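The values are calculated or read from the model by the stated rules, or taken from the named source; none is laboratory data. As the structure is a prediction and not an experimental result, all values here were calculated from the model. Cβ coordinates were reconstructed from backbone atoms using ideal geometry, including for glycine residues, and neighbour counts include every protein chain displayed. With ligands, DNA and RNA removed, areas are computed over all heavy atoms of the protein, side chains included. Shrake-Rupley method; radii C 1.70, N 1.55, O 1.52, S 1.80 Å.
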Amino acid sequence: MNVSRRWLEDFLRRPLDAGDIAGRLGMLGAPVDAIEPLNVALSEIRVALVEAVIPHPNADRLRVCIVDDGTAERRRVVCGAPNVTAGKKYPFAPIGATLPGGLKIERRKLRGEVSEGMLCSARELGLGADQDGLLELETPAPPGTALLEALPIGDHRLVVDVTPNRPDLLGHKGVARELSAALGVPFRLPVIPGSTGADVPPPRRFGGSAELGGIRVTLEDLEGCFRFHGALVRGVGIGPSPAWLQRRLEAVGVRAINNVVDATNYVMLELNQPMHAYDAARLGGARLVVRRARRGESLVTLDAVSRTLDGEMTAIADDAGVIGVAGVMGGASTEVSSGTTDILLEAACWEPRRIRRTRRALNLSTEASYRFERGIDLWAGADAMRRCIELVLAIAGGSLVDAPVDLWPEPTHPPRIFLRPARVTRVLGVPIAWGEIERCLVAIGATVVSKPDDGRIAVDVPGWRPDLREEIDLIEEIARIHGYDAFPIELRPYRPGSLPDAPIEQATSTVRRGLVAQGLFEVATLPMVPDHGAESVRLLNPLSATDAYLRAALLPGLVRQVELNWSNHVREVRLFEIGTVFQGGGAGRPAERRHLAGVVTGRRDPPHWTDAARPDYDRWDLKGLFEAAAALANPVASVQVEGDAWVAVAEDGRVLGRAMPLAADAPPWAAPVWGFEMQLDAAPRQPTRFHSLPSTPSSERDLALLLPAAVSAGQVRRTLERVGGELLVGVAVLDEYRAAGLGDAARSVLFRLTFRAPDRTLRDAEVDEAERRLLASLERELGVRRRDAGQPKGG
């Protein structure tokens, strides 16, 4: 959407800075993609007063003008314009200036007389097509004033990125409303120069048909057209638009055509209501009907192209046939031309999906279809019609025939939403005063009725905001108008709803807090990666050719982040990520799993001046970190050795994760990289329970057990904990011993068992009995014996 700075200034009645506008609109959710200064080529042109006009001694058609350009000296300028007159002001290009066409002004002789500059016409300045005479300036500005300051031609065009949910920003009024809320100032429609404030009567409401000055207007396609406004103006004079209107249209990139067509375009750009004008005398049968197009019907549109319609389109027709494609473009048969004297103005609200299908089918996109596709204000058509009538009467003359008609078969009201201020506080995380909530809602054009006894506010949503449908939409608007920069910078606890988080999200939060406590920093990498094997999931529409697949693991992305840190000479890196990985290989959708991964490299502790020789991370640091992560991500998993790495194993034997050294493109000064990755279990976690310190002494027993090759220390430990009962409070592995004398498939593992009773001091007999029970269970279930009891079964 192209927006004119000067147009916005007329709305707000105050000067504006283009950069400030861009910044404020960006904070309001409408970023400005570009700021284009207009008419900057005229920055060297000055206002000049012609004090005297002298006949040229050597040419009948040339004259010598004595010019006051604001300097101490008077300039002698040779001029051939027939309208140059002493005592009037004109644009003046001094020596050294460059005109918009690239002509550089130099001191030169014309038929023997030296010319010290140039008095300019509108065409030479790029301000119009008139080149028969100089551009006379009706301005109180003194000689020497910059032309851009003396005339309202200096402007900035702002290219606003309007999202599909904000059609109101496709008109200057909508943008002015946003700035009004941001600046805290009122806004009003600009005054139309030359208008005497035409008295336009309220529209006459009808159902599906009405008579308008002898023309029958009928609305048949109720699905394609929700509402239709029409007005008849007789006795208009078609001609060029006044300079102010042409400049306003050109400032936003629209070409001026004639005063009536320009008036409809002006209203569209100002109020976001596309309009159309028909030559009323060329309507066949004095009839205009909105209906479904018939398959095979055709018309020549205003761009002189013959187009064939189908039955899915809405057409505007008269007795002779189709005269326009609804919401897209009018037909050439009823085009307003220089001979037009009576015009029928149209302001309709078309069904957006129908317009979108029509535009695609005809491959014809226009300013009107762009707006209708996104939805316009159903309740603002009467205001747009009144504005257009006032503009036409001011610049084209004529008289309004009767009151406008409003065909609205199914009247409706704007939606009403109930807003709870308590809900606003809960969602935004900070208390917002009741009065501030009302101010923000009124600023966007809503009507509010407070109901303090019920703890809520009734909000009538404005018609130009079809995106506001639920309470949460209003809360977003309050945050936007209140100002995102007004919220505290620290992250505070909040809960937008009363439902508990999903188990996987609760598990993710637990893991996140635990790894941050371990000193790691969380990162979020992109899930798009290069091809990584047969199970790669290829994207149908990748952002780049190199990263055209979905990741199957998190570690490769973390390794790339380590290498990025190395490229910036950062040696100590401690990162983790919790994210989704994808696994394909089947015909259906890829499987998605939540994974946890971490990498560490560099010094174990941050460097400090008290100890410059702090050691780097090693494999035992990785083991400790992996065990801590496994306890958070998979509480029931056990960590076991697998070669030079460790694995997290579930109770059923599934491998849930691995920790290992990683390969990376490392500089010579870098330390080894250690990493781990595992699947995140969404099962509910048991809350941490408080246990008081023991008040009774413990008794410890060391057992050297012979384990068969197929039995792990973890299996032994779990059996001891299960059978030991309440008296066994601790099991720890102290040592492992391997020797030929123990058997080819056996090893000796030293376990320390800690016994304690909460209410008394244990006797030796009680501990001996517990020890015998444990040893019997180990031999019976796992074939494990004490080392001094002989070889284990299967050893």
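The table below gives the values:
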quantity	calculated
Neighbourhood net charge (13 Å Cβ-Cβ; Lys/Arg +1, Asp/Glu -1) for Leu393	+1
Rounded tilt (10° steps) of 713-724 against the dominant C-alpha axis of the chain	70
Euclidean distance between Cα centres, segment 58-123 to segment 711-750, Å	107
Between segment 418-435 and segment 232-293, the Cα center-to-center distance that results, in Å	46
Mean Cβ count within 10 Å, highest first, over the residues of peptides 45-51, 575-581, 160-166	45-51, 575-581, 160-166
Computed FRET value (nearest 0.05) for Glu522 with Val191, which takes r as the C-beta separation and R₀ as 51 Å	0.35
Share of pairwise Cα separations in the chain, more than 41 Å, in percent	60
Mean-position separation - Cα centroids, segment 645-710 and segment 529-580, in angstrom	26
Additional length obtainable on full extension of the chain from Asp199 to Ala545, 0.36 nm per residue less Cα span	118.3 nm
Over the chain, relative contact order from alpha-carbon pairs under 8 Å, at least 6 apart, %	8
Size of charge dipole - segment 340-497 - debye, nearest 20, with Cβ of Lys, Arg +1 and Asp, Glu -1, no other charges	680
Rounded, prolate or oblate (a/c below 1.5 giving rounded, otherwise prolate when a/b exceeds b/c) for segment 457-613 by Cα gyration tensor	oblate
Estimated 222 nm signal from helices in the chain, with DSSP H stretches of n ≥ 4 weighted -39500 (n - 2.57), rounded to 500	-7500 deg cm²/dmol
1.4 Å probe accessible area per residue over segment 145-273, in Å²	38
Extension gain (nm, one decimal) between Val442 and Ala666, 0.36 nm per residue minus Cα-Cα	74.7 nm
Amide proton proximity set for Leu110, modelled H, under 5 Å, gap of 5+	Ser115
Diffusion coefficient, µm² s⁻¹, Stokes-Einstein with Kirkwood Rh over alpha-carbon pairs of segment 714-791 at 37 °C and 0.692 mPa s	241
Sparse-neighbourhood loop sites, trypsin sites (Lys or Arg not before Pro) in segment 410-477 - DSSP loop, at most 16 other Cβ within 10 angstrom	Arg469
Cleavage-rule hits, chymotrypsin sites (Phe, Trp or Tyr not before Pro), segment 462-526, DSSP coil, Cβ neighbours within 10 Å at most 14	Tyr494
Length added when fully stretched, Asp132-Asp453, from 0.36 nm per residue minus Cα-Cα	108.2 nm
Charged-residue dipole, Cβ positions (Lys, Arg, Asp, Glu), the chain about Cα centre, Debye nearest 20	380
Set of aspartates and glutamates near Lys451 by C-alpha distance (under 17 Å), chain-local residues within fewer than 8 positions excluded	Glu436, Glu438, Asp460, Glu471
Net charge over other residues, Cβ less than 14 angstrom from the Cβ of Arg718 (K, R count +1; D, E count -1)	-2
Segment 1-51, accessible surface, carbon-and-sulfur percent (1.4 angstrom probe)	49
Segment 345-412 - percent relative contact order, Cα under 8 Å, separation 6 or more	34
Stokes-Einstein diffusion coefficient of segment 178-270, Kirkwood radius over Cα pairs, 20 °C, 1.002 mPa s, in µm²/s	128
Nitroxide proxy distance, nm - points 7 Å out along Cα→Cβ at Val636 and Met27	5.3
Tilt relative to the chain, helix 172-183 - C-alpha long axis, 0 to 90 degrees, to 10	60
Carbon and sulfur %, accessible surface of segment 200-291 computed with the full protein complex present, 1.4 Å	53
Nearby aspartates and glutamates by direct alpha-carbon distance to Lys88 (threshold 16 angstrom, same-chain neighbours under 8 apart not counted)	Glu51, Asp68, Asp69, Glu136, Glu138
Charge dipole (debye, nearest 20) of segment 153-212; +1 at Cβ of Lys and Arg, -1 at Cβ of Asp and Glu	120
Top positive-direction residue, dipole computed over segment 391-531 with Cβ charges, set Gly514, Pro452, Trp408	Gly514
Local electrostatic count at Ala256 - Lys and Arg +1, Asp and Glu -1, tallied over other residues with Cβ under 10 Å	+1
Equivalent ellipsoid, segment 300-360 (semi-axes from 5 times Cα gyration tensor eigenvalues, Å)	21, 14, 11
Theoretical FRET efficiency, 1/(1+(r/R0)^6), r = Cβ-Cβ of Asp531 and Asn58, R0 60 Å, to 0.05	0.15
Residue (of Trp669, Ala545, Pro607) at the positive-pole extreme of segment 527-673, dipole from beta-carbon charges	Ala545
Over segment 436-531: Kirkwood hydrodynamic radius from C-alpha pairwise inverse distances, Å	17.5
Acute angle (nearest 10 degrees) that the helix 503-517 long axis makes with the longest principal axis of the chain, alpha-carbon atoms	80
